[in-house]
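Notes for the one structure printed next.
The values are calculated or read from the model by the stated rules, or taken from the named source; none is laboratory data. No experiment lies behind these values; they were computed from the predicted model shown. Note that we place each Cβ from the backbone using ideal geometry, even for glycine, and neighbour counts take in every protein chain shown.
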Amino acid sequence: MVDLGLLSNIYEVWEASGFTYGSDRVHQQLRREGIRVGRKRVERLMRAQGWQGAFLRRGWRGGSTKQDPTREPAPDLVNRQFRANAPDRLWVADATRIPCAEGVFWLAAVRDAFSRRIVGWKTSTRCDTDLILAALEYGIYSRQVRDGELIHHSDRGSNYTSFRFAERLYDNGILPSMGSVGDSYDNALMENFWSTLKIELVYRSEWRTRDEAENALFAYIDGWYNTQRIQKELGYLSPDEYETAWHHAQASQAEPVLLTPATGW
């Protein structure tokens, strides 16, 4: 006989995730809420009800990179090692297209490698230096950037190699780093976020206007992804929870718990 109470608990977690969680995350969230149940049981119950997490239903492509041959790219200081031992030591950045009925627009974002948190983002009808500068400024304003401690990693797109962008990094003591052109593995941590965003939000939505799309992006990034969406690589904490745990550990001068930098993305 099906435990209707447990089934209700499972549905509540699944619904709260925007129907994006699969059985693994639903199981972990139930454990966080003090509900002891086996993962395989959760999987069986969800399968019987036809409840499943968000998954890739069609191909997707990120933004296109156009290099400026007149500008010298920064060296690659990351070498595909997307790990950091504290917040604001390594940021990764990129831009991608977002569709709506009014036309395609661009989203630029900056992600912290330590907690996977999106520390800055901005949208525009054009993918230009103003857009990526705005995303960077968002991060600088909202975070604690210390001179010489932070690496900013991107591809070699012309906006990231522009003089204005390089100057802003220099002004804030941020070290530039760039991967190769057209190789997603050189910026895999950012590509991972684009994939998650599009699978869980973009491909499941139809927006009439850019305002509708931007409101949905705000709700997803700031209202869900950073604050509530648990990640296996973070010990099934959200980015904000992961950083909070780290700060508490630092304040008590204790060794961080479950805060070993993840080796994957």
Among the listed residues 155, 128, which satisfies the condition of being acidic (Asp, Glu), free of Cβ contacts under 8 Å to residues at least 60 places away in the same chain and over 22 Å from residue 223 (Cβ atoms)?
-> 128
How many residues of the stretch 231-255 are out of contact with any Gly (no Cβ under 8 Å at 6 or more places or on another chain), assigned to a helix (DSSP H, G or I) and surrounded by 18 or more Cβ atoms within 10 Å (Cβ to Cβ)? The answer is 6
Going by the conditions given, is residue 59 modelled with pLDDT under 95 and touching a strand residue (DSSP E or B) at 6+ places or on another chain (Cβ under 9 Å)?
-> no
Count of the stretch 74-89 residues which are surrounded by 19 or more Cβ atoms within 10 Å (Cβ to Cβ), within 21 Å of residue 167 (Cβ to Cβ) and not acidic (Asp, Glu) | 1
Please give the number of the condition residue 45 fails out of (1) more than 25 Å from the chain's Cα centre (by Cα); (2) exposed (fewer than 15 other Cβ atoms within 10 Å of the Cβ).
-> (2)
Does residue 131 meet the test of being closer than 30 Å to residue 205 by Cα and surrounded by 20 or more Cβ atoms within 10 Å (Cβ to Cβ)?
-> yes
Count - residues of the stretch 144-159 that are of a type outside the set (Gly, Ala, Ser) and either surrounded by fewer than 21 Cβ atoms within 10 Å (Cβ to Cβ) or over 21 Å from residue 81 (Cα atoms) (or both) = 7
Just one of (1) under 18 Å from residue 191 (Cα atoms); (2) outside any strand (DSSP E or B); (3) not acidic (Asp, Glu) trips up residue 133, so point out which.
-> (1)
Name every residue in the stretch 133-157 that is at pLDDT below 95 and under 18 Å from residue 178 (Cβ atoms), in order of residue number.
-> 153, 154, 155, 156, 157
